[in-house]
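Okay, so here's the structure we're looking at.
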Amino acid sequence: DANSFDSEGLDNWLVSKDLAGINFEHSAWNGLGMRGNASCPMILENVKIDERFRIGAAGSGLDQIFNTVGPFFIMGLAAVYSGVALNASNSIIDYSMNRNNSALCGIPTVQNHISDIYSKATSAKYFTLSAAKSVIEADPMAQANVLAARIHASSMAVDVCTTAMKIGGGTAYAKRIN
């Protein structure tokens, strides 16, 4: 329970993974396409945390989440999705140029798809960079820019990957393709 025990609102805590009563369900995480992510459920059972490990003032947790953690997390998501789109773009362009049997990149329809993929992946990157710049410059529209960049980047990643998978065919489903 994150409710503050001595104030209204929520509290955030710095918690050592070695405290008694903390367990992690490592086997519960099997995220598709997220092999490097170590997310998993954390179970807290009668964990005792010293008050000195509270982050910030009592009851300030929600403000911390929305005004400190949230924007950076959302900006990070925009960057991750932009990276996914860019990697898919680069991978399928390389594949289309260097396929064993014959290059696909000479086919006009594939050229159009690759152009679309490249444009979408690049737009995700530059929209994300622009949103980050608006945060640094304290632009009044920074929060809206960050949210829009995250939505745009995730949408572009889906579009890019969908089209890249169509170009790559069965080979695109293989782990050997980066």
Original post:
Is there a residue in region 123-130 that is under 22 Å from Val80 (Cβ atoms), open to solvent by less than 80 Å² (accessible area, probe 1.4 Å) and more than 16 Å from the chain's Cα centre (by Cα)?
Top reply: yes
**OP:** Report, by residue number, each residue of region 37-61 that is of a type in the set (D, E, K, R) and either in a strand (DSSP E or B) or touching a residue at least 60 places away in the same chain (Cβ under 8 Å) (or both).
**Re:** Arg54
Subject >> Cross-chain or 6+ apart pairs with Cβ under 6 Å, region 7-35 first and over 20 Å from Phe53 (Cβ atoms), then assigned to a loop (DSSP other than H, G, I, E, B) and at pLDDT below 90 >> reply: Glu25/Cys40; Glu25/Pro41; His26/Cys40; Ala28/Cys40; Ala28/Pro41; Trp29/Ser39; Trp29/Cys40; Gly31/Asn37
Original post:
In region 84-122, how many are free of Cβ contacts under 8 Å to residues at least 40 places away in the same chain, over 16 Å from Ser154 (Cα atoms), in a helix (DSSP H, G or I) and open to solvent by less than 50 Å² (accessible area, probe 1.4 Å)?
Top reply: 1
**OP:** Say whether the condition of being under 30 Å from Lys120 (Cβ atoms), hydroxyl-bearing (Ser, Thr, Tyr), assigned to a helix (DSSP H, G or I) and open to solvent by less than 40 Å² (accessible area, probe 1.4 Å) is met by at least one residue in region 74-83.
**Re:** yes
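Residues in region 77-87: is at least one closer than 25 Å to Ala131 by Cα, touching a helix residue (DSSP H, G or I) at 6+ places or on another chain (Cβ under 6 Å) and not hydrophobic (A, V, I, L, M, F, W, C)? Working first, answer last.
Looking only at region 77-87, we keep the residues that are closer than 25 Å to Ala131 by Cα, and these are 77-87.
Adding the requirement that they be touching a helix residue (DSSP H, G or I) at 6+ places or on another chain (Cβ under 6 Å) leaves 77-79, 81-82, 84-86.
Filter once more, keeping what is not hydrophobic (A, V, I, L, M, F, W, C): 81-82.
Looking for residues that are closer than 25 Å to Ala131 by Cα, touching a helix residue (DSSP H, G or I) at 6+ places or on another chain (Cβ under 6 Å) and not hydrophobic (A, V, I, L, M, F, W, C), one finds at least one in region 77-87, hence yes.
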**OP:** Quick one: count up the residues across region 131-154 that are of a type in the set (Asp, Glu) and open to solvent by less than 50 Å² (accessible area, probe 1.4 Å).
**Re:** 0
Original post:
Quick check, is Ala157 open to solvent by less than 40 Å² (accessible area, probe 1.4 Å), farther than 16 Å from Ile117 by Cα and in contact with a helix residue (DSSP H, G or I) (Cβ under 6 Å, 6 or more places away or on another chain)?
Top reply: no
Subject >> Cys105 in contact with a helix residue (DSSP H, G or I) (Cβ under 9 Å, 6 or more places away or on another chain) and farther than 27 Å from Ala172 by Cα >> reply: no
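The values are calculated or read from the model by the stated rules, or taken from the named source; none is laboratory data. Predicted, not measured: the structure shown is a model, and the values here were computed from it. Cβ sites come from the backbone with ideal geometry, for glycine too, and all protein chains shown count toward neighbours. Just the protein is used for accessible areas: all its heavy atoms, side chains included, with ligands, DNA and RNA removed. Shrake-Rupley method; radii C 1.70, N 1.55, O 1.52, S 1.80 Å.
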